[in-house]
Amino acid sequence: MSELTDRLTSLTRDLILIPSTDRNPDERARAFQFFLNHLQSIPGVAIHRYESGGYESLVTGPEGTRHPEVLLCGHLDVVEHPSQEHYTSTIRDGRIYGPGAGDMKGALAILLELFLKAHREQPGISLGLAITSDEEIGGMHGLRYLVEEEGLRCQLAIIPDGGSLTEITIAEKGILHRRVFCRGDAAHAARPWLVENALHRLIERLAKLTAHFEDLKSPTGPDGAHWYPTCAITQAHTPNTSINRIPGRVEASLDIRFPPPHSINSMEALIDDLLGRGEGLEIETLIGAEPTELDPDPAFIQITEAVTDREVVRVRASGGSDARFLCAHGTPVLLSRPLVGNLHSDNEWIDIASMETYFTICDRYLRQRFQRQSTAPSS
Ligand SMILES: [Zn+2]
């Protein structure tokens, strides 16, 4: 094992030990302290800490600028597992197994090493690092907050939270989360003719909606992308506690994903129309995010191919990432990562050799980019 691989492995395993989940603010604070312990060893680096809605974020970079040229971004929150004993790691078959190994504590260890190395070698380099703690629940108080409320900007972001080592994400679908309410009159289920059953009405409308989305399906692309709008009904509730009562109120939640040329507005209008909004039915939008183009730098793709000796596949992703908050301001984002698997489930893993490979790709890219700049004639 090289010294770098050794360091990346132990940083990752140290981070996995901290159950930095949504329900555990103290452990998230402990994970931030872990990063501070490392970052405070670098002179000439400013550390800014933020808080929004109970979620801490950290942004560090060269002193004197709030807008680094390149920003490395990661999240330290991981999904909840039933027991504390889950938060340990093992090494088998060249992989680190443990909760968050792949999403994204292994990647965070790499970002930290890249940041420390760059600032030690080139003090004052315009490279920043942003760490947030609510990505798994939407990133509203993390990267969205930093970009929208604190004005964080950069020329390019690197977010190793999607794609794969030689799969670089070029686009992500938009997201629409909506809640649908249907009201009727409650009644005894033995006399259903007395009222219109709100649950029946909602089921009927939802069936029409899902049938329409079936029609929107198009063939899966060569990159495996299901590049068409989808709609999943994810929650359904009535206030009923008894089986013999017709509910007076019903609600359901929809998770809709859509590629361009669809937009939040066009998808909202489509759903309003299909469900018959207003006709005893109300619809509320909880989250809306437009589809994003990530516009990866061709130089990064070239370096990835040179280092891995494999051809890069440009992929389109059905899921969204924090990249959308920066893409919304026209910032290109590099979204690839080491080899990972079983994300969010038992036996989540990251491949150790690919961590060093991904580190090498980023390190070479950053050196080239900053060298290119320092030798470019000033205008
Ligand atoms: Zn993630």
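Things worth noting here:
- Distance between modelled label sites at ARG183 and ASP346, nm, 7 Å Cα→Cβ extension: 4.6 nm
- Estimated distance in nm for a label pair at HIS67 and ARG153, the labels positioned 7 Å out from Cα along Cα-to-Cβ: 0.3 nm
- Check: the chain dipole with +1 on Lys, Arg Cβ and -1 on Asp, Glu Cβ, in debye: 200 debye
- When the chain is treated as a Gaussian network with alpha carbon springs shorter than 10 Å, the biggest mean-square fluctuation among GLY151, GLY278, GLY106 belongs to GLY278.
- Cα-based convex hull volume of segment 270-327 per residue, rounded to whole Å³: 112 Å³
- Taking the Cα atoms of segment 174-289, the ratio Rg/Rh between the radius of gyration and the Kirkwood radius comes to 1.06.
- Shape of segment 1-90, Cα gyration tensor, a/c cut at 1.5: oblate
- Debye-sum result for the chain in log10 I(q)/I(0), which assumes one identical scatterer on each alpha carbon, at q = 0.08, 0.09, 0.11, 0.13 Å⁻¹: -0.48, -0.59, -0.83, -1.08
- Using a Förster distance of 56 Å, the FRET efficiency for ALA269-THR308 (Cβ separation, nearest 0.05): 0.80
- Charge-dipole axis of segment 174-289 as Lys and Arg at +1 and Asp and Glu at -1 on Cβ define it, positive-most pick from HIS226, LEU275, SER263: LEU275
- Taking 7 Å steps out from each Cα toward its Cβ at GLU214 and TRP193 produces label points 3.3 nm apart.
- Each part gets one Cα centre, and for segment 115-149 versus segment 307-379 those centres are 14 Å apart.
- Residues TRP227, TRP349, TRP193, sorted so that the one with the fewest Cβ neighbours within 10 Å comes first: TRP193, TRP227, TRP349
- Size of charge dipole - segment 174-289 - debye, nearest 20, with Cβ of Lys, Arg +1 and Asp, Glu -1, no other charges: 360 debye
- By the Cα gyration tensor, segment 161-236 has an equivalent ellipsoid whose semi-axes, rounded to whole angstrom, run 40, 14, 9 from largest to smallest.
- Order of SER253, SER218, SER20, SER354 under a 10 Å beta carbon neighbour criterion, fewest first: SER218, SER253, SER354, SER20
Each reported figure results from applying straightforward, stated rules to the coordinates on display, with no laboratory input. This is a predicted model, so every value here is computed, not measured. All Cβ positions, glycine included, derive from the backbone under ideal geometry; neighbour counts span all protein chains shown.
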